[in-house]
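Step one of this worksheet: look at the structure below.
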Amino acid sequence: MPIVPATPEVIRHAAQALARGDLVAFPTETVYGLGANALDARAVAKVFAAKERPRFNPLIVHVPGLAAAERYAVVNDMARRLAEAFWPGPLSLVLSKRPACGIADLVSAGLDTIALRAPAHPVAQALLAEVKLPIAAPSANRSGRISPTTAAHVEAELGDRPAMILDGGPCPLGIESTVVSVVGAKPALLRPGALPREAIELVLGGPLAMAKTNHRGASPGQLATHYAPHTKLRLGATSVRPDEALLAFGRDVPGGARLTINLSASGNLEEAAAKLFGALRELDQSGARTIAVMPIPAQGLGEAINDRLQRAANRG
Ligand code: TXA
Ligand code: MG
């Protein structure tokens, strides 16, 4: 069984495995990642194979911080301000890639940009410090499925495809990083995530442009269908049928569902984000005909939560 508690000794072994070209799943503050040495094209190819991920969908590269980022990308003023404000943390910056920086071309799916992020999770930081290599790491789920927020979720998704799954407990934020492109004249939000748009706009002193979804050039991974449970979702539910499971939010929860999970009885969006993916997995296994989802406010973290729910509801 590849799940191992992330002790310092295990982290040393994991770093050696990464340097050898093996895959290692590890916790971040957002979701678990499936890591590979970003300089090693064969290791990166294994990530795409393990996830069954389309090759046009580029990966985020994890670095310890700004100094390492500058080796692989051009960090302009806007990027520097955002990194200084939010790194380490749940913000991925899309930057111009430095030519001949050594990052495998497959990582960026042939684009001349690269997404970089400095994760805050102590296990991720310890792994980066030990391995001294950039780590390409998408969420550790099969492509198109629900992102993992525990080591057990990773194993359910990927089995023994990773050489090791470092167990660092449940991810504290529970929803993926916010992806912002700072390549063009105006910064653009490519994926809402664990860092709310409002916090970024405060630092930028102006609004973030919205990238078009499904536009391959801008945000190739933002497919309309994603995060999909097997069970159909019914969004905006204010009542529930007996053959339905209910993803609830807030105090006024309709009764009668075969299983109800409340993301936050007090209406707290941080709590809701942290519980979202685990709750979807559990409701998916309840045998219900559909998962009814109560409305969730749109501001703050609600933007990312609603984005994931919308994609989970769009079934191909
Ligand atoms: O929180 C997270 O970001 C997690 C943890 C493990 O760090 N990782 C993650 O990776 O969510 P993934 O592969 O599931 O999502 C990466 C997103 C995709 O939407 C992808 O298209 C976008 O980042 N992306 C990566 N490189 C890009 C680039 N050069 N230009 C535009 N979008 C890019
Ligand atoms: Mg993902």
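The values are calculated or read from the model by the stated rules, or taken from the named source; none is laboratory data. All of these numbers come straight from a predicted model, not from anything done at the bench. Heads up, the Cβs are rebuilt from the backbone with ideal geometry, glycines too, and the neighbour counts pull from every protein chain shown. Accessible surface is based on the protein model in full, side chains and every heavy atom, while ligands, DNA and RNA are left aside. Shrake-Rupley method; radii C 1.70, N 1.55, O 1.52, S 1.80 Å.
Quick rundown of the values:
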quantity: Identity of the residue in the range 57-71, open to solvent by 20 Å² or more (accessible area, probe 1.4 Å) and within 13 Å of ligand 1 (Cβ to nearest atom), that ends up farthest from Asp112 (Cα to Cα); calculated: Ile60
quantity: The range 19-34, subset surrounded by 24 or more Cβ atoms within 10 Å (Cβ to Cβ) and not in a loop (DSSP other than H, G, I, E, B), residue farthest from the chain's Cα centre (by Cα); calculated: Val24
quantity: Flag for Gly159 being more than 17 Å from the chain's Cα centre (by Cα) and surrounded by fewer than 23 Cβ atoms within 10 Å (Cβ to Cβ); calculated: yes
quantity: Set Leu190, Leu173, Leu195, Leu202: member being touching a Leu at 6+ places or on another chain (Cβ under 8 Å) and either open to solvent by less than 40 Å² (accessible area, probe 1.4 Å) or at pLDDT 95 or above (or both); calculated: Leu195
quantity: Failed item in (1) in contact (Cβ under 8 Å) with a residue 24 or more places away in the chain; (2) open to solvent by 10 Å² or more (accessible area, probe 1.4 Å); (3) within 13 Å of ligand 1 (Cβ to nearest atom), with Ala85 passing the rest; calculated: (3)
quantity: Counted residues, the range 119-148 - those being closer than 22 Å to Cys101 by Cβ and either within 9 Å of ligand 1 (Cβ to nearest atom) or within 13 Å of the chain's Cα centre (by Cα) (or both); calculated: 5
quantity: Options Ser147, Ser92, Ser139, Ser96: the member that is within 15 Å of ligand 2 (Cβ to nearest atom) and open to solvent by 10 Å² or more (accessible area, probe 1.4 Å); calculated: Ser139
quantity: The range 262-280 - residue that is touching a Pro at 6+ places or on another chain (Cβ under 8 Å) and either at pLDDT below 95 or open to solvent by less than 30 Å² (accessible area, probe 1.4 Å) (or both) and, of those, farthest from Leu246 (Cα to Cα); calculated: Leu269
quantity: Filter pass, Ala129 being more than 16 Å from ligand 2 (Cβ to nearest atom), open to solvent by 40 Å² or more (accessible area, probe 1.4 Å) and not acidic (Asp, Glu); calculated: yes
